[in-house]
Amino acid sequence: MKKIVILGAGTAGTIMANRLRKTYKKQIRQGDMGVTVVDQNDNHIYQPGLLFVPFGMYQPKDIVRSRKHYLPDDVDYVQSEIQRVEASEDKVYLGDGQTLDYDVLIVATGAQLVPEETEGLLGEGWRDKVFDFYTMEGATALSEKMANFKEGKLVVNFVDLPIKCPVAPLEFIFLADSFFRRRGVREKIELTLVTSLDHCFTRPVAAKEFGSVLDDKGIHLVTDFATGSVDGAAGKLTSWDEREIEFDLLISIPLHGGASFVAASPGLGDELNFVKTHKATLQAECKENIFALGDATNVPTSKAGSVAHFQSESLIDNIVRFIDGKPLEESFDGHTNCFIETGFDKAMLIDFNYEVEPLPGTFPLAGIGPMQLLKETRLNHWGKLMFKWIYWNMLLRGRDLPMVSSQMSMKGKRQPVTSDDTAKAA
Ligand SMILES: Cc1cc2nc3c(=O)[nH]c(=O)nc-3n(C[C@H](O)[C@H](O)[C@H](O)COP(=O)(O)OP(=O)(O)OC[C@H]3O[C@@H](n4cnc5c(N)ncnc54)[C@H](O)[C@@H]3O)c2cc1C
C-alpha cells in the first residue's frame with residue numbers, strides 16, 4: 001500500500017487531499033493507497049476575509065468553517081501538532097507521540113507570523129495602539145478600534161517581505177480611506193503606508209498604478225523604511241537608519257516565517273523555515289519523495305491562495321509521475337492572480353508569473369474581459385466578494401476554475417506605453 005501524508009489542512013493541503021482522492025479514488029477504495037492529512041486544529045479560516053473584519057464587513061463567524069468538512073471521507077484526518085520530519089527515515093513525528101510513515105510527503109503548513117522578531121512590537125500598546133489584521137484575534141480587536149478612531153495618525157507598516165498576500169497592506173489602507181470618508185472623519189485622519197520597498201509594490205508597472213491610487217486618495221507613502229523597533233507607548237516606529245515615524249494607531253504586518261517544526265526537521269527548510277523547493281516541479285530539495293506547495297515553500301512568487309491552487313494542478317501531475325517512476329515536469333510557472341480592493345466598492349485585478357509582471361488588459365478573455373487588469377472597476381470588487389464562495393465551493397474541493405488555467409496566459413495583456421516609448425516614436 002502506498003502512503004501519502006499531507007502536512008497542513010489549510011488552503012493548499014485541503015486542495016491536495018481532494019485532488020489526490022479524485023485521482024486515486026479506486027486505489028483508495030481498494031486499500032492500495034492511503035492518504036492522511038495532519039493539522040493542529042479544526043478551524044479553517046478563509047484568510048482573505050480577514051481584510052474585511054476590521055471594517056465590520058465580515059464577522060469572524062462568516063469566515064471560519066470546520067476543516068474536516070472539506071476533506072474527503074476516505075482520507076484519514078489526524079488532529080495533532082507536527083513536531084518534525086525525519087526525511088532520512090521517511091517519518092513524521094507528531095506531538096501526541098504518534099509517528100506517520102510515508103512513501104510521499106506533501107508539506108503544506110503555510111507561513112506563520114513572528115512579531116516577536118521585531119523589537120517592541122509585542123510590548124506596551126499591543127492591541128491598544130498597535131494591531132495586526134493577519135490573525136482572527138488581531139482583526140477582531142482592530143474592528144472595535146477602527147469603529148472608534150476619529151482623528152490622528154494611522155500608519156500601516158509591513159516590516160519586510162515575504163508576507164502573505166503582499167497587496168493586503170495596500171488594500172487595508174485603501175479601505176481605511178473609504179471607511180473614514182463614509183464616516184465623515186477623513187480630514188482629521190492622516191493615512192501613511194510605510195514599506196521597506198523602494199515603492200508601494202515589488203513590480204514596477206503595478207507599483208505605478210497603485211501609487212496613483214495612493215496619490216488620488218491623499219495617502220502618504222514612506223519607502224525604504226527598514227523597521228527596527230516599535231514603541232507603542234510613545235507611538236513611534238524607528239528604522240534601522242534611525243528615521244522615526246509617529247502614530248496614534250499602527251497596523252503592523254509582522255515578519256513571516258515557515259512553520260516552527262521545519263527548523264527541527266534536518267535539511268527541510270531555509271533560514272526562515274520555508275521549505276527549500278524547486279520552483280517549477282515543487283519537489284523539496286532535501287529528498288525526492290517530499291513535495292511542498294502554498295505559503296510553506298521558498299519559491300519566488302507571492303504567498304497567495306491562488307498560487308496554492310495553481311500549484312496544486314502542477315503538483316498532482318508530478319505526484320502521479322513520481323509514483324509511476326516517470327520524470328517530473330517543470331510545469332509551475334509562478335502564476336499568481338489577486339484582486340485588490342481600492343475602496344468605494346471598486347477593486348483592481350493582477351495576473352502574473354515568475355517572468356511576466358502584472359500588466360494592464362482584460363481577463364480572462366482577450367478584448368472582452370469581463371474583468372479589467374490593473375484598473376479600478378465595480379466588477380472586480382464583485383469578483384473579490386464572489387471569491388469567498390468560489391473558495392469554499394470550488395477551490396478547496398480541488399475543482400479547476402473555468403477559463404483560468406494553472407499556467408498564466410498572455411491573452412488580453414498589453415505592455416503599457418511608457419514616456420520613453422513616446423519619446424522614441426517622436
Ligand atoms: C489578510 C490576508 C489576506 C489575504 N488575501 C488573499 C487574497 O486576496 N487572495 C489570495 O489568493 N490569497 C490571500 N491571502 C493568502 C492566503 O490566505 C494564503 O496564501 C493561503 O491560505 C495559503 O495556504 P496554505 O495552505 O499554504 O497555508 P494555510 O492555509 O495557512 O494552512 C497551513 C496549515 O498548516 C497548519 N500547521 C502549521 N504548522 C503546523 C504544525 N506544527 N502542526 C500542525 N499543523 C500545522 C495550520 O494550522 C494551517 O491549517 C491572504 C492572507 C491574509 C492573511
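Structure data summary
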item: Unmet requirement for residue 202, which otherwise passes all of (1) at pLDDT 95 or above; (2) outside any helix (DSSP H, G or I); result: (1)
item: Flag if residue 382 is among the aromatic types (Phe, Trp, Tyr) and surrounded by fewer than 12 Cβ atoms within 10 Å (Cβ to Cβ); result: no
item: Only listed residue being modelled with pLDDT of 95 or more and within 8 Å of the ligand (Cβ to nearest atom), chosen from 79, 98, 40; result: 40
item: Evaluation of residue 216 against (1) touching a residue at least 40 places away in the same chain (Cβ under 8 Å); (2) surrounded by fewer than 17 Cβ atoms within 10 Å (Cβ to Cβ) (one fails), failing number; result: (1)
item: Index of the failed condition, residue 404 passing every other in (1) under 30 Å from residue 56 (Cα atoms); (2) surrounded by fewer than 18 Cβ atoms within 10 Å (Cβ to Cβ); (3) within 14 Å of the ligand (Cβ to nearest atom); result: (1)
item: Qualifying residue in region 71-88 (condition: closer than 25 Å to residue 264 by Cβ and surrounded by 22 or more Cβ atoms within 10 Å (Cβ to Cβ)); result: yes
item: Identity of the residue in region 106-140, within 12 Å of the ligand (Cβ to nearest atom) and of a type in the set (Ser, Thr, Tyr), that ends up surrounded by the fewest Cβ atoms within 10 Å (Cβ to Cβ); result: 135
item: Test: residue in region 151-170 that is modelled with pLDDT of 95 or more, away from the ligand (no atom under 13 Å from the Cβ), in contact with an Asp or Glu (Cβ under 6 Å, 6 or more places away or on another chain) and in a strand (DSSP E or B); result: yes
item: Single condition residue 65 does not satisfy, out of (1) in a strand (DSSP E or B); (2) touching a Gly at 6+ places or on another chain (Cβ under 7 Å); result: (2)
item: Meets criteria (more than 25 Å from residue 258 (Cα to Cα), within 10 Å of the ligand (Cβ to nearest atom) and of a type in the set (Asp, Glu)) for residue 341; result: yes
item: Meets criteria (at negative phi and in a helix (DSSP H, G or I)) for residue 340; result: no
item: Matching residues, region 99-148, being assigned to a loop (DSSP other than H, G, I, E, B), of a type outside the set (Ser, Thr, Tyr) and out of contact with any helix residue (DSSP H, G or I) (no Cβ under 6 Å at 6 or more places or on another chain); result: 103, 114, 120, 123, 124, 125, 128, 129
item: Some residue of region 56-65 being at pLDDT 95 or above and near the ligand (Cβ under 9 Å from one of its atoms); result: no
item: Residue count, region 173-213 (criterion: among the hydroxyl-bearing types (Ser, Thr, Tyr) and either without any contact (Cβ under 8 Å) to a residue 12 or more places away in the chain or on the phi > 0 side of the Ramachandran plot (or both)); result: 1
item: Filtered residues of region 234-268 (kept if aliphatic (A, V, I, L, M) and touching a Pro at 6+ places or on another chain (Cβ under 6 Å)); result: 253
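Per-residue answers, yes or no, for (1) touching a Ser or Thr at 6+ places or on another chain (Cβ under 7 Å); (2) under 29 Å from residue 338 (Cβ atoms); (3) not assigned by TED's automatic domain parsing to the domain that holds residue 188:
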{"residue": "97", "(1), (2), (3)": "no, no, yes"}
{"residue": "101", "(1), (2), (3)": "no, no, yes"}
{"residue": "120", "(1), (2), (3)": "yes, no, no"}
{"residue": "123", "(1), (2), (3)": "no, no, no"}
{"residue": "128", "(1), (2), (3)": "no, no, no"}
{"residue": "135", "(1), (2), (3)": "no, yes, no"}
{"residue": "159", "(1), (2), (3)": "yes, yes, no"}
{"residue": "164", "(1), (2), (3)": "no, yes, no"}
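The values are calculated or read from the model by the stated rules, or taken from the named source; none is laboratory data. Computed from a predicted model, the values in this text were never measured in an experiment. Don't worry about glycine lacking a Cβ; one is built from the backbone with ideal geometry, like all the others, and counts go over all protein chains shown.
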